[in-house]
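Inspection log for the structure reproduced underneath, given as C-alpha cells.
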Amino acid sequence: MSMEDKQIDYPAAYVVNGESSTISVIDLDKNSVTETLELMGTGNEMVMWPHHLSLYGIFDMHRLAIGVPGMDLSAGHSGGMNDMKGKVLVMDAVKGNILKTVDLPVSNHNAMYSPNGREIWVSQMEMTGKVLVYDAQTYALKNNIAVGMEPAEVTFSADGSKAYVANGGDNTVSVIDPAIKSIIATVAVGAEPVGAWVGFDGKMYVDNEEGKTISVIDVSTNAVVQTIDLGFMPGSAAHNSAKKELWVTDPDNGKVHYWSWGQVGNQWNHAGSFNTAAGAHAVGFTADGNTAYVTNQMAASVSVINVNEHSKIKDIPVGKKPNGIVIKQ
C-alpha cells in the first residue's frame, strides 16, 4: 500500500483475503474492486492469515478491527491452535492505513468492536479459553474473562445488551454481560460451534460445524428455541431482517441455503438454495436488504446476489482465500 491516504468515502464492502493478507475494497455502486490494501503491522511486520473483521463508524470516523489468527482457517475452525499467537489490526476505513497492531498471547478468530465503539473484544483459543477486552482508544487491556474451551468468534446481540463467544471445544456458547464483563449464562449448542451470528429479531444464530446444525438462541431467555438440521457443514449464518430470511453458507458445495420465517409454528423453514462459488463463507447484506455479497474462499471471489430473486448478478475477483466481510454505507 502506498503511504498516501486513500479516500474511501463511498459505500463499500471490505473483504479480508486470508492467504493474500490484503483487504479488497468493493465500491457498492460499481460492484468492482477499487482498492487493494496490503495488511502490514504498524512496525511493517508481516501479517499472516487475517480472518474476520468488524466495523465501527460514527460521523466521518470509521474504524476496522481485523482479527489475525496467524493460521489458515478456511478448511474449518477446529482446535490445535494453542501454540499460535494472534493479532488485532486497527485500520482507518476511509484512509486505508493501519493505526495500531495489538499482539495477542494466543490465536484469535476475530476482533469485535463493542456496540458503543469504546472496546475491542477478542477470544483466545486455548483449552481454558478467555475473552480479552481492550480499550479502543488506548489499546490497554481492560478485562480478562474466562469462558469455555477453544473459543472462536466473539459477537454482540443487535441491542448490545449481551456478548457471545462460541466455545468450539465444549459445544457451548458463553453469554456475557458487556457492562460488568461476567458470564450470565452458558448455553449448550451443537458440536463445534464457531460463532453466534447476530439476528435482528431478538435471536442469535450459532453455526455448529461438526454438528451440521444452526442453534437459534433467544436473546432474552438464553435458551435454544430451534435447532435447524442442515445436512452440510455451515460456513456462517446471516440474518436479513428486511426480508425475514436466514442465510447459511455451504462451503463444500459452493452454495447458500436460505430459510423463511413461518408464522405457523414460529420457526424457520427451508425455502431454497442457490450457487455462489467454491468455499462460500461469509455474507454481507446492504442496509435495504436487497443485495448480498458472499465471499468464496476457494474461488478467490465475491458473489453479488440479487436477494429478491435469489440469483447471482456477478462474481468479483478478489484476493486469495477471502473470508470476512463488512459493509460501510
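Here are some notes:
- Comparing Ser241, Ile183, Ala271 along the charge dipole axis of the chain, the residue lying farthest to the positive side is Ser241, per the Cβ-charge model.
- Each peptide among 225-233, 190-198 gets the average number of other Cβ atoms lying within 10 Å of its residues, and from highest to lowest they stand as 190-198, 225-233.
- Length released on extending from Glu38 to Thr128, taking residue separation times 0.36 nm less the Cα-Cα span: 29.0 nm
- Distance between the stretch 108-178 and the stretch 196-270 - C-alpha centres, whole angstrom: 21
- Note on the stretch 180-329: with neighbouring protein chains present and a 1.4 Å probe, carbon and sulfur make up 48 percent of its accessible heavy-atom surface.
- Note that the chain carries a Kirkwood radius of 19.4 Å, evaluated over its alpha carbons pair by pair.
- Across the stretch 176-247, Cα pairs under 8 Å and at least six residues apart give a relative contact order of 24 percent.
- Over all pairs of different C-alpha atoms, the stretch 255-329 has a mean inverse distance whose reciprocal, the Kirkwood radius, equals 13.0 Å.
- Computed extension length for Glu4-Asn269: 90.4 nm, one decimal, from 0.36 nm per residue of separation with the Cα-Cα distance subtracted.
- Under the criterion of Cα pairs below 8 Å and six or more residues apart, the relative contact order for the chain equals 13 percent.
- Ranking Asn144, Trp197, Thr221 by how far each Cα lies toward the positive end of the dipole of the chain (charges on Cβ) leaves Thr221 at the top.
- Under 12 Å, Cβ to Cβ, from Thr138 - net charge with Lys/Arg +1 and Asp/Glu -1: +1
- Computed about the Cα centre, the dipole magnitude for the chain is approximately 260 debye when only Lys and Arg (+1) and Asp and Glu (-1) carry charge, each at its Cβ.
- Three semi-axes describe the equivalent ellipsoid of the stretch 203-324; taken as square roots of 5 times the Cα gyration tensor eigenvalues and ordered largest first, they are 24, 16, 12 Å.
- Spin-label model distance (nm) - Arg118 vs Ala242, 7 Å beyond Cα toward Cβ: 3.2
- Accessible area per residue for the stretch 221-329 is 40 Å², calculated with a 1.4 Å probe on protein heavy atoms, without ligands, DNA or RNA.
- Normalised contact order of the stretch 82-207, rounded percent, pairs of Cα under 8 Å and 6 or more residues apart: 15
The values are calculated or read from the model by the stated rules, or taken from the named source; none is laboratory data. Not measured: the values here are computed from a predicted model. Quick reminder, even Gly has a Cβ in these numbers, built from the backbone with ideal geometry, and neighbours come from all protein chains shown. SASA here: full protein model, heavy atoms, side chains in, ligands and nucleic acids out. Shrake-Rupley method; radii C 1.70, N 1.55, O 1.52, S 1.80 Å.
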